[in-house]
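Some notes on the structure that comes next.
Rule-based calculations on the coordinates, nothing more; no lab input. Source: prediction; values computed, not measured. Here Cβ is always computed from backbone atoms with ideal geometry, including for glycine, and neighbour counts include all displayed protein chains.
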């Protein structure tokens, strides 16, 4: 297997979506539609467009029906689902990563929206970071309530995570080496995925950032309105610049 090969995909969809529920959305967050396409369908389709055919996806107990939905929607993909209420985003990440195998894994949350072309550019650039334990998608667009700031050196290596300000923030997309899960602490060690990422950098692991111009993290109704605009604008682009259609 070459260094650029992506072994598998993993999607973290076990969050409670509490802010969307507060704004009146009753369905599980993974099936909240953006421009008519459920979040989970959009992510799986974009993974498939970059050649990912084997996926591990984690849902919480309230999202159990989401597992059947994506299996029916993507019958040609090998999709394996974990249904579990996890205590943290890191536990969800750990649960998916440790069963995905030793190769490179493209992992993401379920609630990001960016143009397909930007996503493919991230994957292409991240593949070239052959020595990386992890490559994080980062963006100068800050739209969430609790952004995770990232500092990069001139080579793109992450030198620091956290703090109150910076130039870029994490964007919910990661290309990771499956080997990191052999030494990753148990989920009881960290309360959030950001704590694990901070630990990786502090341990001296080679972690890099690749920038995407705009990524929307869909946590509330306001985010959803902005995500709808991004999706509509993409739909108006010429088909050759968008890549394949959603499955």
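List of remarks:
- Global geometry of the stretch 36-77, whether rounded, prolate or oblate, following the gyration tensor of its Cα atoms and the 1.5 cut on a/c: prolate
- Protection proxy ranking for 176-189, 82-95, using the average of other Cβ atoms within 10 Å per residue and placing the highest first: 82-95, 176-189.
- Three-way shape call for the chain based on the alpha-carbon gyration tensor, with the a/c threshold at 1.5: rounded
- As a proxy for reagent exposure, 49, 213 were ordered by neighbouring Cβ count within 10 angstrom, fewest first; the result is 213, 49.
- Fully extending the segment from residue 64 to residue 142, taken as 0.36 nm per residue of separation minus the present Cα-Cα distance, adds 24.9 nm.
- Summary value for the stretch 8-237: 25 percent relative contact order, contacts being C-alpha pairs under 8 angstrom separated by 6+ residues.
- The simple Förster model, with R0 at 25 Å and r as the Cβ-Cβ distance, assigns residue 7 and residue 120 a FRET efficiency of 0.85.
- Taking 0.36 nm per residue of sequence separation and removing the Cα-Cα distance, the residue 84/residue 221 pair yields an extension gain of 46.7 nm.
- For the chain, the mean residue ellipticity at 222 nm estimated from helices alone is -9000 deg cm²/dmol, where every DSSP H run of n ≥ 4 contributes -39500 (n - 2.57) and the total is divided by all residues, rounded to the nearest 500.
- Dividing the radius of gyration of the alpha carbons in the stretch 2-70 by their Kirkwood radius gives 1.03 for Rg/Rh.
- FRET E, pair residue 72, residue 27, Förster distance 25 Å, beta-carbon r, rounded to 0.05: 0.90
- Ordering 154, 104 by the number of other Cβ atoms within 10 Å of each residue's own Cβ, fewest first, gives 154, 104.
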